[in-house]
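> One structure, as structure tokens, below. Some questions next.
What follows draws every value from the coordinates through simple rules; no lab data is involved. Since the structure is predicted, the reported quantities are computational estimates derived from the model, not experimental observations. Counting neighbours? That spans all protein chains shown, and the Cβs are built from the backbone with ideal geometry, glycine included.
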Amino acid sequence: MDKKLEKMRFNTGDAENFFTNIMAFTTGPVELKEMIKNGEIKVLDVRDKEDYDKGHIPTAVSMPRAEMDIRHTELSRDELYAVYCYNQQCHLGACACRFLAVNDYHAIHLDGGFDVWKNVFNFEVEIHQN
């Protein structure tokens, strides 16, 4: 193992900061569901609109990452937003959270995206109605 990495793994101060940041800026599906229930958070789906229409997290608003540069003015800087994309390998959610932070919006990222939500809650999703 790389000596620098080995040394870092035994630096408890750096570890504390790292895990504090993870906890502050990400959430899991169970925690998100509770925040939604308590009205503590707004949810943004940054996947393509067609995928949102097939199913999305209850209360989520569709704002595809490709449209966020223009549509972000629809958001409030007083709210906290949970952002999600497709899955663990997709970086649209993290990219959107970074964009929101750069533009002074408050955002956290749903770890694992929509795939994790569906798996945890057995496909508890809303389908878009025309």
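> Hey, can you grab everything whose amide H is under 5 Å from the amide H of residue 26? Only 5+ residues off in sequence or another chain; H modelled, so Pro and N-termini drop out.
For residue 26, the qualifying residues are 109.
> A further question on this structure: If you take the beta carbon distance between residue 122 and residue 40 as r and set R0 to 25 Å, what does 1/(1 + (r/R0)^6) give as a FRET efficiency, to the nearest 0.05?
Details: r = 24 Å, r/R0 = 0.94.
Efficiency at R0 = 25 Å is approximately 0.60.
> Estimate the FRET efficiency between residue 12 and residue 66 by the formula 1/(1 + (r/R0)^6), using the beta-carbon distance for r and 30 Å for R0, to the nearest 0.05.
Taking R0 as 30 Å, the efficiency between residue 12 and residue 66 is 0.15.
> Grab the chain and count how many Lys pairs have their alpha-carbon atoms under 26 Å apart, sequence gap of 8 or more, or different chains.
Within the chain, the lysine pair count is 11.
> For each cysteine in the chain, check whether another cysteine's C-beta sits under 4.7 Å from its C-beta; list those where none does.
That list is 95, 97.
> Collect residues whose amide H, placed 1.01 Å from N in the peptide plane, falls under 5 Å from the amide H of residue 61; neighbours closer than 5 in sequence don't count.
43, 44, 45
> Further, regarding this structure: Which far-off residues, 5 or more places away or on another chain, put their amide H under 5 Å from the one on residue 80, with H placed in the peptide plane?
42
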